[in-house]
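The values are calculated or read from the model by the stated rules, or taken from the named source; none is laboratory data. What you see is a predicted model, and the numbers here were worked out from it, not measured in a lab. Positions of Cβ are backbone-derived with ideal geometry, glycine not excepted, and every protein chain shown enters the neighbour counts. We work out accessible area using only protein heavy atoms, side chains counted, and drop any ligands, DNA or RNA first. Shrake-Rupley method; radii C 1.70, N 1.55, O 1.52, S 1.80 Å.
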Amino acid sequence: MESIDSHRVPAHVAVIMDGNGRWAKARGLERSAGHVAGVDAVRRVVEAASKAGVRYLTLYAFSTENWNRPQDEVDALMHLIAYALERETPGLIENGVRLNMIGDVDRIPAASLESLRSSIRATAGGEGLQLNLALSYSARWEITRAANILASRVNGGEINAGDITDADVSACMTTAGMPDPDLLIRTGGDKRISNFLLWQLAYSELYFTSTLWPDFDAECFYRAIMEYQSRERRFGKTSEQIQSSSNT
């Protein structure tokens with residue numbers, strides 16, 4: 001924490017939490033045990049992000065593809081989400097964290113969805129970190145949803161098809177009103193985006209680590225931020241242009 005430049009902390013960090021199942025398998029445990037351990041990692045990272053001054057933290061908790069996993073694992077995950085939210089909500093309130101959810105909520109079981117909405121209501125007054133849980137989420141689903149929204153507006157005469165801008169598309173995303181992620185962290189060793197925030201990650205810095213999610217802690221999170229701060233973000237410009245702008 002002491003090594004981080006407080007003036008260059010990423011405003012928005014997105015995380016693909018990978019490795020729960022492999023963590024459990026390596027210990028001779030059921031995959032569900034890895035997901036339980038992963039909840040503790042979530043708590044550690046939320047606390048670390050809050051201390052570092054991150055404004056938005058988006059966690060890829062359950063993808064639309066995850067619905068294809070064995071039914072008993074899906075059921076266990078949905079139950080765990082409801083249990084974890086009930087357990088963690090008082091801590092979120094105490095630390096000023098407000099909860100938000102992005103994804104296709106229509107597919108989430110009613111009991112789990114109510115737990116989510118209850119926690120969102122309870123934490124609505126938080127003035128610190130915004131924690132976004134990506135549940136039943138897919139970037140292709142989100143982009144298709146945005147296209148349908150815009151097509152409906154065109155058909156309704158609200159806008160002309162030829163006038164649609166990047167900003168219009170962004171406004172139809174589930175992350176509307178938030179800055180795009182500055183940093184994406186993926187644990188577990190794989191180096192791919194896995195259908196996560198494809199529109200929003202256009203200029204994000206990518207950080208991959210072999211650390212399995214249940215083992216990911218505050219120091220791991222701060223190490224990722226330090227790596228982010230060591231990079232030059234040019235957004236299509238030259239290094240000289242960036243330096244000139246900084247000096248100005």
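Descriptive notes on the structure:
- Gyration tensor verdict on region 35-78 (Cα atoms; rounded if a/c is under 1.5, prolate if a/b is larger than b/c, oblate otherwise): oblate
- Stretchable slack from Glu94 to Glu2, in nm (0.36 nm times residue separation minus alpha-carbon distance): 30.7 nm
- Assigned charges on the beta-carbon of Lys, Arg, Asp, Glu; region 150-228 dipole about Cα centre (debye): 240
- Comparing Cα centroids, region 6-28 and region 154-185 end up 28 angstrom apart.
- Only Lys, Arg, Asp and Glu carry charge here, each on its Cβ (+1 for the first two, -1 for the last two); on that basis region 72-129 has a dipole of about 260 debye about its Cα centre.
- Taking every alpha-carbon pair within region 71-130, the share separated by more than 15 Å comes to 49 percent.
- Solvent exposure of the chain amounts to 52 Å² per residue of accessible area, where only protein heavy atoms count and the probe is 1.4 Å.
- Prolate/oblate/rounded call for the chain, Cα gyration tensor, a/c under 1.5 rounded: oblate
- Share of carbon and sulfur in the accessible heavy-atom surface of region 1-158 [1.4 Å probe, %]: 49
- Summing charges over neighbours of Trp67, with a neighbour being any other residue whose Cβ is under 15 Å away from its Cβ, gives -3 when K and R count +1 and D and E count -1.
- Taking the Kirkwood radius as Rh and the Cα radius of gyration as Rg, region 128-182 has a ratio of Rg/Rh equal to 1.03.
- Dividing the Cα radius of gyration of region 1-148 by 2.2 N^0.38 Å, with N the residue count, gives 1.07.
- For Thr123, the amide hydrogen comes within under 5 Å of the amide hydrogens of Leu99, counting only partners 5 or more places away or on other chains and with H modelled in the peptide plane.
- Taking amide H as placed 1.01 Å from N in the peptide plane, the amide H of Ile102 sits under 5 Å from that of Leu133, Ala134, Leu135, each at least 5 places away or on another chain.
- Simple point charges give the picture: +1 on the Cβ of Lys and Arg, -1 on the Cβ of Asp and Glu, and for the chain a dipole about the Cα centre of about 240 debye.
- Here the Karplus relation 6.51 cos²θ - 1.76 cosθ + 1.60, evaluated at θ = phi - 60°, turns the backbone of region 141-153 into coupling constants of 4, 5, 5, 4, 4, 5, 4, 5, 4, 5, 4, 5, 5 Hz, with x for every Gly and Pro.
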